[in-house]
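Comments concern the structure below.
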Amino acid sequence: MPAADAMARTPIVMVLTCAISPPQRLRSARSELAGAVPGVPVRVVDGLVEEDPAVDALFDAGRAQRLSKRPPTRREVAVYGTHRLAWQALLDSGRTTAIILEDDFKLVAPAALEALLAHLPGVLNSGLHMLKLFDYPRTRNGGWALERKFGDVSLVQWARPRAGMVGYLITAEGARRLLARERVFRVVDEDTKYFWELGLDIWSLRPLPVADGSDALGGSLLDAARNCTRRRRRLRRSLLGMVLTLHRRNRSRLAFLAAVLSTRNARLRRFATR
């Protein structure tokens, strides 16, 4: 492989932060990455905060009222905008993939990340758009999933996708598809659960190498605003939320069935409770 092509296929690591993020988060992120991704460039993305005018330009309030169980707060829109800055930076870099980490991540399975990097060419050749390195925990059984193996690397595509964007690998094509939606109306975590809207092929690494370390780094920057919104709109949003959840589950089932019928070199498995 020519040197230029090899460099283009080497992922870039981007750590997302912003002006209101406590300084210890970025220090922690740099410490977590030290030695974990040798030879991989690391870039810090200084993202949006809720006061930025870009938040107003990005947010689609009308669609949020119709299509979100709970319209995102300004701070959540700013977080979405920060992820979008990283996606655009990937496209501008000329590289084919990036590992994107929020600054409160913790690396809990470094061997899984090391194995992923070792088998990355095969993983990317599978055509996926996003590989999640973090999912919110499943409180019940894991459920049905497609499983794909690349050496000792295991990828799963869940029939019931989970939210969570603390850490993930994204390809340039995945970034293009996500950026094709010029204005947003959900939180970024929820949008990945509506993967079919943008034709996204999303898998999760197993075991997950990344965890949410916010509790040890000053707590969540989003919870207070979220809780205020929930109290104000509890009844109306709960009724709409039930309708939207039913729709999402039905569409997810159909999309998963289509994946089962069309995916090669993958086996269908039922995962037990973890």
Restricted to region 246-259 and to residues being of a type outside the set (A, V, I, L, M, F, W, C) and either without any contact (Cβ under 8 Å) to a residue 12 or more places away in the chain or open to solvent by less than 20 Å² (accessible area, probe 1.4 Å) (or both), the residue nearest to Thr192 (Cα to Cα) is Ser252
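Is it true that Val166 is β-branched (Val, Ile, Thr) and under 17 Å from Ala211 (Cα atoms)? Let's see the steps before the verdict.
Details: β-branched (Val, Ile, Thr): yes; under 17 Å from Ala211 (Cα atoms): yes.
Yes: the conditions hold for Val166.
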Does region 95-125 hold any residues that are of a type outside the set (A, V, I, L, M) and within 30 Å of Ile20 (Cα to Cα), and which are they? Arg95, Thr97, Glu102, Asp103, Asp104, Phe105, Lys106, Pro110
Can you find, within region 131-147, the residue that is farthest from Thr10 (Cα to Cα) among those that are of a type in the set (A, V, I, L, M, F, W, C) and crowded, with 18+ Cβ neighbours inside 10 Å? Ala145
Failed item, numbered, when Leu128 is tested on (1) assigned to a helix (DSSP H, G or I); (2) within 27 Å of Arg186 (Cα to Cα); (3) open to solvent by less than 10 Å² (accessible area, probe 1.4 Å): (1)
In region 218-250, which residues are within 24 Å of Ala78 (Cα to Cα), at pLDDT below 70 and outside any loop (DSSP other than H, G, I, E, B)? Asp223, Ala224, Ala225, Arg226, Asn227, Cys228, Thr229, Arg230, Arg231, Arg232, Arg234, Arg237
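The values are calculated or read from the model by the stated rules, or taken from the named source; none is laboratory data. Fair warning: this is a prediction, and the values are worked out from it, not measured in the lab. Neighbour counts run over all protein chains shown; Cβ positions are idealised from the backbone, glycine included. With ligands, DNA and RNA removed, areas are computed over all heavy atoms of the protein, side chains included. Shrake-Rupley method; radii C 1.70, N 1.55, O 1.52, S 1.80 Å.
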